[in-house]
Amino acid sequence: MSTARTFAPSFLWGSATAAYQIEGGVAEGGRGPSIWDTFSHTPGRTLDGDTGDVADDHFHLWRQDVAEMKRLGLGAYRFSISWPRVQPGGSGDFNADGIAFYSNLVDELIGAGIAPVVTLYHWDLPQELEDAGGWTNRDTAYRFAEYAAKMAHELGSRVSVWTTFNEPWCAAYLGYGSGVHAPGRTNGADALAAVHHLNLAHGLAGRAIREVLGDDTKLSITLNLHVTRPDDPTSAADLEAVRRIDDVGNGAFLGPLLDGAYPATLFADTAHVSDWSFVLDGDLDLIRVPLDVLGVNYYSTGRVRHFSGEGERSQADGHRDSDASPWVGVDDVEFLPQPGPYTEMGWNIEAPGLTELLVSLHAAYPDQPLMITENGAAFDDSVAPDGRIHDAGRVAYLHDHLEAVGVAIDAGVDVRGYFVWSLLDNFEWAYGYSKRFGIIRVDYDTLTRTWKDSAYWYRELLRTRTLPAIESAPTLS
Ligand code: GBH
């Protein structure tokens with residue numbers, strides 16, 4: 001049981017996408033190749049060999065997509081800029097056609113009354129930079145800051161929030177550790193170097209954006225923070241496993257971004273993998289820039305225990321199979337299957353974990369405003385005989401997670417907004433088109449967009465700002 005809940009008028013309601021997942025048009029308008037083009041075109045990397053070559057063809061259908069957003073009543077739209085579309089080689093010349101695409105999109109959004117929330121990097125590194133070492137190369141951070149400054153100059157104050165990175169955890173650990181994401185490398189030391197260079201790039205870019213646009217500009221980064229439970233809360237070894245996952249998964253970013261230091265335990269835990277000599281004097285001062293808002297992406301929770309070394313280690317950590325773990329340095333930790341229910345990704349649904357995450361962030365960083373920059377679920381969304389998509393599972397998921405946000409707000413957490421992942425079904429990375437996260441269905445043969453029940457539900461929520469009460473099974477407590 002829940003009672004109806006009304007959100008403040010200032011609360012920002014949006015939906016999110018990412019360039020490579022929706023745009024297509026990969027060889028058009030002067031765009032250069034990215035690591036995701038290379039990766040998705042390498043046999044065996046993505047399910048069924050799916051690529052983002054066409055995706056939702058948003059590159060051509062963007063006006064129609066903004067019209068859908070307007071019909072939904074979105075207050076904000078979170079999208080990412082494809083770096084190789086605006087700077088094909090990742091350094092040197094910029095591509096005027098690519099910049100014009102985003103400039104037109106921003107104008108169209110503003111014309112529709114929708115605030116543009118920009119992410120500068122959602123994983124599609126220009127291939128030329130990867131050929132020079134990618135995020136293991138310190139230079140990439142400086143190239144990123146130049147690209148950020150250029151976009152700040154071009155799009156300027158039309159952009160409501162500038163987000164440097166989406167989920168650097170994925171870029172570093174899935175890209176260079178487990179290799180299930182581009183560029184598909186599997187080297188723990190490289191992954192840690194990538195962590196640091198992504199953090200450095202954030203600081204350099206944040207400073208560059210502020211230099212171009214002044215202190216009024218809103219600066220952000222989006223993290224996927226891990227809520228991890230010990231299998232046995234009375235076991236010191238299991239609690240230590242949680243602590244290590246927390247350091248390598250969360251502290252490796254929150255530390256330098258908000259505290260000005262990496263957790264000392266992180267260096268000790270990963271000493272057998274890397275000496276962290278890529279952290280140079282002065283880097284930690286550069287990385288910490290005041291964040292107007294910290295973006296939080298939330299989907300699920302994890303459960304771990306200490307792995308004794310006997311038997312087979314379970315790796316139920318929600319990623320496509322890889323022999324290499326994304327959890328660099330923590331080889332004696334085992335991820336256990338979680339109790340259901342699950343989404344189509346196999347991720348357990350646990351809305352209270354979001355409240356817990358927000359409350360703990362607020363406790364650690366009381367003055368830091370937060371925003372849910374992604375939350376959503378993949379379900380099998382078949383079209384019913386009536387032509388509609390009755391995605392009741394998604395509606396329930398969104399409802400329960402918004403309720404969890406409301407509970408955190410009641411507890412005093414400063415949450416500024418919420419973005420559904422995703423506006424449209426799209427290219428779900430290593431899973432290709434097999435997983436559908438959209439509140440709007442995309443038919444990949446015709447590219448037709450069809451609202452699911454969740455889209456109608458979200459429109460009503462945005463109109464009323466009120467989360468309706470739903471009856472759920474009575475609990476005994
Ligand atoms: C986001 O990634 C992306 O930003 C977005 O592009 C993507 O489409 C969307 O979510 C849906 O996948 O490693 O054990 O902690 C989310 C990636 C998924 C990484 C959940 C962490 C938890 C399993 N995250 N995963 S674990």
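Descriptive notes on the structure:
- Beta bridge orientation in the chain: antiparallel %, DSSP, nearest 5: 20 percent
- Distance histogram in 20 Å bins (all Cα pairs of the chain, percent per bin): 25, 61, 14, 0
- HN-Hα J in Hz across the stretch 257-274 - Karplus 6.51, -1.76, 1.60, θ = phi - 60°, x for Gly and Pro: 5, 10, 9, x, 7, 6, x, 4, 5, 5, 4, 5, 5, 10, 4, 6, 9, 8
- The longest stretch of the chain left intact once loop-based GluC sites (Glu not before Pro) with at most 16 other Cβ atoms within 10 Å are removed from consideration, loops following DSSP, is 29-309.
- Helix-only [θ]222 nm of the chain, DSSP H runs n ≥ 4, -39500 (n - 2.57) each, per residue, nearest 500: -10000 deg cm²/dmol
- Take 362-370, 178-186 and order them by the average number of nearby Cβ atoms within 10 Å per residue, most first; the result is 178-186, 362-370.
- Charging the Cβ of each Asp and Glu at -1 and of each Lys and Arg at +1, and nothing else, the dipole of the stretch 323-477 about its Cα centre rounds to 740 debye.
- Translational D in µm²/s for the stretch 224-361 (Stokes-Einstein at 20 °C, 1.002 mPa s, Kirkwood Rh from C-alpha pairs): 131 µm²/s
- Contact order normalised by residue count of the stretch 12-464, Cα under 8 Å, 6+ apart, percent: 17 percent
Throughout, read-outs are computed from the coordinates displayed, never taken from laboratory work. Every value quoted in this text rests on a predicted model; they were computed, and no experiment measured them. Using ideal geometry, Cβ is built from the backbone for each residue, glycine included, and neighbour counts are taken over all protein chains shown.
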